[in-house]
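Please treat every number below as a calculation from the coordinates, not as lab data. Keep in mind the model is a prediction, meaning the values are calculated, not measured. Every residue, glycine as well, gets a Cβ built from its backbone with ideal geometry; the counts of neighbours run over all protein chains shown.
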Amino acid sequence: MKSLILLTSLALACANTVHAAEMCSKTSPAYTIALLELYTSEGCDSCPPADKAISHLHQNTGLTMDQVIPLSLHVDYWDYLGWKDVFAKKTFTERQRSLADLAGARTVYTPEIFMAGKELRDWRSGIVDEVKRSNQKPAMASLRIGIEKLTDNKLYLNLQGNSKQAAKLHFALVEQALISKVQAGENRGATLQHDFVAREWGEAISLQAAKTENYTAQLGIPANARRKNLSVVAFAQDQQGNILQALSLPLCEAM
């Protein structure tokens, strides 16, 4: 009887492991999922309306994460105004400037939104149409995210990419429902909520044209992060800044 119980327990454990593995991976579809990048800062008094619009994007438009993946990237160039944005990273400022350079723009600003790697000035009314345009295009890359384990506040990933042209595979840890009570600067006294915030940014991986590549990677988990609000986002981008495909996978319950 003890042997039977042990075998049953092992079988259940194996089944749960297989089920967890299935839950903890996702492959991109044949169409292009749109990537929306919001460049924002807690030190900018014109940013909260844009933050709010992106937080409620799916509810207000009926779009889903399988149509558009928002990313909120906090820049650091407004920190000198008296409030240091704890979510800001120099990496995000550099990325915004690189996208602006590709577009031939002379300046960067907040809030600024890029859709599929291109600046979208009319974001208040133009997002839905841009998302649908992206969704109608066959994907120029195929992606897969696999979350293998979480140990010592590090998330271990398996990333797979196949691009029809040379590209970079970017990946990030994203968190929802972040709250800040701003005590200085232009937003002094405000309580701000942020969603889709990039907390950690991985080192870009090179994809060769028409070749399936598999990579192991890891992302650190911030000490104050709430695991139930975390997800991994990956996207492929060509040398001109075009987003070839994007994908998002929530942190699995098994983690």
* When both residues are 6+ apart or on different chains and their Cβ atoms are under 9 Å apart, which pairs have a first residue that lies in the stretch 79-99 and is under 24 Å from Ala204 (Cβ atoms), and a second that is assigned to a helix (DSSP H, G or I)? -> Asp85/Asp79; Ala88/Asp79
* Asked: Can you spot a residue in the stretch 95-109 that is touching a Pro at 6+ places or on another chain (Cβ under 8 Å) and surrounded by 15 or more Cβ atoms within 10 Å (Cβ to Cβ)?
  -> no
* To do: For the stretch 42-72, name all the residues that are without any contact (Cβ under 8 Å) to a residue 40 or more places away in the chain and not in a helix (DSSP H, G or I).
  => His56, Gly62, Thr64, Asp66
* For the stretch 31-72, name all the residues that are of a type in the set (Gly, Ala, Ser) and over 13 Å from the mean Cα position of the chain (by Cα). => Ser41, Gly43, Ser46, Ala50, Ala53, Ser55, Gly62
* Structure fact -> Only unsatisfied item for Asn229, checking (1) surrounded by 19 or more Cβ atoms within 10 Å (Cβ to Cβ); (2) closer than 26 Å to Cys47 by Cβ, is (1)
* Asked: Quick check, is Pro222 within 12 Å of the chain's Cα centre (by Cα) and surrounded by fewer than 20 Cβ atoms within 10 Å (Cβ to Cβ)?
  -> no
